[in-house]
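Participant: Structure provided below as structure tokens; questions to follow.
The values are calculated or read from the model by the stated rules, or taken from the named source; none is laboratory data. Just so you know, these numbers come straight off a predicted model, no measurement behind them. FYI the Cβ positions are ideal-geometry reconstructions off the backbone, even for glycines, and counts take in every protein chain you see. For the accessible areas, the whole protein counts, side chains as well, though only heavy atoms, and no ligand, DNA or RNA atoms are used. Shrake-Rupley method; radii C 1.70, N 1.55, O 1.52, S 1.80 Å.
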Amino acid sequence: MTIEAEALRVLAPAKINLFLHVGDKRSDGFHALQSLVVFARMGDELALSPDRDIKVVASGRFAAGLPPAGQNLVHKAARALAQHAGITRGAYISLKKNLPVSSGIGGGSADAAAALRGLARLWNLKVEHDVLRQIGETLGSDVPVCVACRPQWMEGRGETLAQVESVPAVQIVLVNPRVGVATKDVFAALKDRRGTGQPRPPAMRTTGDLVAFLKDTTNDLEAPARAVAPVISDVLREIAAQPGVLLTRMSGSGATCFGLFGDPDDAARAALTIGEGHPSWWVSATATTPVLSAALA
Ligand code: C5P
């Protein structure tokens, strides 16, 4: 049997900020945020098997955009977990990079969180998700939310997470113009912001409930990201022009934007149309994973 065949497989789903409000800069230099974060049914794929050292080997459409081995977040996550556990074990980690790099949908953060979850199992460590989130916080603001990969309400710089009672699954089309945007550049260009006073939504049963809540919110990083990478305006315009789209917005600090749809056929058609019109863009039609409270399920 090959290493790949017996490996432990973990999905690193794409993270989507359905809205993102920014508050004041904190004393540690990070901005206070509020966001409703959900996860897609698609993402990067990790395969982990025991090894003497920590090795990360990337493949897939976006492997070329990754930082060199020792500096990539999967490698850092593996080292941080081994250090936390006081062990010297290694792992061979094969990372299939399906998500564009530096793109506002998790990418490196989702990979790091998936590595933490997977390695905790591979190395038989009894570590709670809370501990993995704390380790994740040292790697990047978005890593803690990616540990559980289910809908969450995010505050602080990304480390304060709360369950949301009920968020339905929704059809989503993700579009990235293949321009990497550095998060710190977008924050540096930020002018207007909504602040962090957004009340949490009530339990949402339907796509209509979710869209109604989101219509009163925004992504404060959209305007500065469009200033840094003007092609983002073209992406938003293309998505907004598709039949059946219910909401168009950018995720995280960009450049990936998304459209929410009620009908999977509309979403599939929109992805096809946008992809045909812009062959160099990355386009994916997928759905988000829901969380349903027992009372509503
Ligand atoms: O933590 P992460 O690596 O994602 O952050 C990248 C940069 O984005 C930070 O160095 C900071 O300039 C900015 N940032 C911020 N406030 C946040 C998250 C990120 O100002 N909550």
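Participant: Which FRET efficiency, nearest 0.05, do GLN134 and ASP265 yield, Cβ-Cβ r, R0 35 Å?
Facilitator: Values: r = 43 Å, r/R0 = 1.23.
Efficiency computed from Cβ-Cβ geometry: 0.25.
Participant: Residue-wise, which Karplus ³J(HN,Hα) couplings in Hz belong to region 100-114, taking 6.51 cos²θ - 1.76 cosθ + 1.60, θ = phi - 60°, and x for glycine or proline?
Facilitator: After applying 6.51 cos²θ - 1.76 cosθ + 1.60, I find x, 7, 6, 10, x, 10, x, x, x, 5, 5, 5, 5, 5, 5 Hz.
Participant: Could you do me a favour and compute the accessible area per residue for the chain, 1.4 Å probe, result in Å²?
Facilitator: Numbers: 12930 Å² over 297 residues.
Accessible area per residue: 44 Å².
Participant: Using modelled backbone amide H atoms (1.01 Å from N, in-plane), which distant-in-sequence or interchain residues come within less than 5 Å of ILE54's amide H?
Facilitator: Hits under the 5 Å cutoff: ALA91.
Participant: Under a 1.4 angstrom probe, counting protein chains only, how are CYS149, CYS257 ranked by accessible area, largest first? Kindly include the intermediate steps, with their values, before the conclusion.
Facilitator: Working: CYS149 35, CYS257 0 Å².
Heavy-atom accessible area, descending, gives CYS149, CYS257.
Participant: For the pair ARG52/ASP28, report the inter-label distance in nm, with labels modelled 7 Å from Cα in the Cβ direction.
Facilitator: 3.8 nm
Participant: Among the listed pairs LYS25/LYS215; LYS25/LYS96; LYS25/LYS126, which have their C-alpha atoms separated by more than 31 angstrom in this model? It would help to have the intermediate numbers written out before the result.
Facilitator: Details: LYS25/LYS215 25 Å; LYS25/LYS96 35 Å; LYS25/LYS126 36 Å.
Those over the limit are LYS25/LYS96; LYS25/LYS126.
Participant: For region 225-240, just list the computed ³J(HN,Hα) in residue order, Karplus coefficients 6.51, -1.76 and 1.60, θ = phi - 60°, integers in Hz, with x standing in for Gly and Pro.
Facilitator: 5, 5, 5, 6, 9, x, 4, 4, 5, 5, 4, 4, 5, 4, 5, 5
Participant: If I model a spin label at ALA227 and ARG41 as a point 7 Å from the Cα along the Cα→Cβ vector, what separation in nanometres do I get?
Facilitator: Those two pseudo-labels are separated by 3.9 nm.
Participant: Among PRO290, ALA162, SER94, pick out the residue whose Cα is farthest towards the positive end of the charge dipole of the chain, where Lys and Arg carry +1 and Asp and Glu carry -1 on C-beta, about the Cα centre.
Facilitator: Positive-end residue among those listed: SER94.
Participant: Which lysines, if any, have their Cα less than 16 Å from the Cα of LYS97, not counting same-chain residues under 8 positions apart?
Facilitator: LYS15, LYS55
Participant: Nearest 20 debye, what's the magnitude of the dipole of the chain about its Cα centre given +1 on Lys and Arg Cβ and -1 on Asp and Glu Cβ? All intermediate terms of the calculation are to be shown ahead of the outcome.
Facilitator: Working: 31 positive and 28 negative charges, 96 e Å.
My answer is approximately 460 debye.
Participant: Relative to the longest principal Cα axis of the chain, at what angle does helix 264-277 sit, 0 to 90 degrees, rounded to 10?
Facilitator: 90 degrees
Participant: Okay, moving on. Multiply the residue gap between ARG9 and ARG178 by 0.36 nm, knock off their C-alpha separation, and tell me the result in nm, one decimal place. Walk me through the numbers before you get to the answer.
Facilitator: Details: separation 169, 0.36 × 169 = 60.84 nm, distance 2.71 nm.
Extending this stretch completely gives an extra 58.1 nm.
Participant: What accessible area, in Å² to the nearest ten, does a 1.4 Å probe give for ARG237?
Facilitator: We get 150 Å² for ARG237.
Participant: Still on this structure, I have one more. Sorted by mean Cβ packing within 10 Å, highest first, what order do the peptides 204-215, 163-174 take?
Facilitator: Working: 204-215: 16.8, 163-174: 21.6.
Sorting 204-215, 163-174 by mean packing, highest first, produces 163-174, 204-215.
Participant: HN-Hα J couplings of region 49-56 from phi, Karplus 6.51/-1.76/1.60, θ = phi - 60°, integer Hz, Gly and Pro as x?
Facilitator: 9, x, 7, 6, 10, 8, 10, 10
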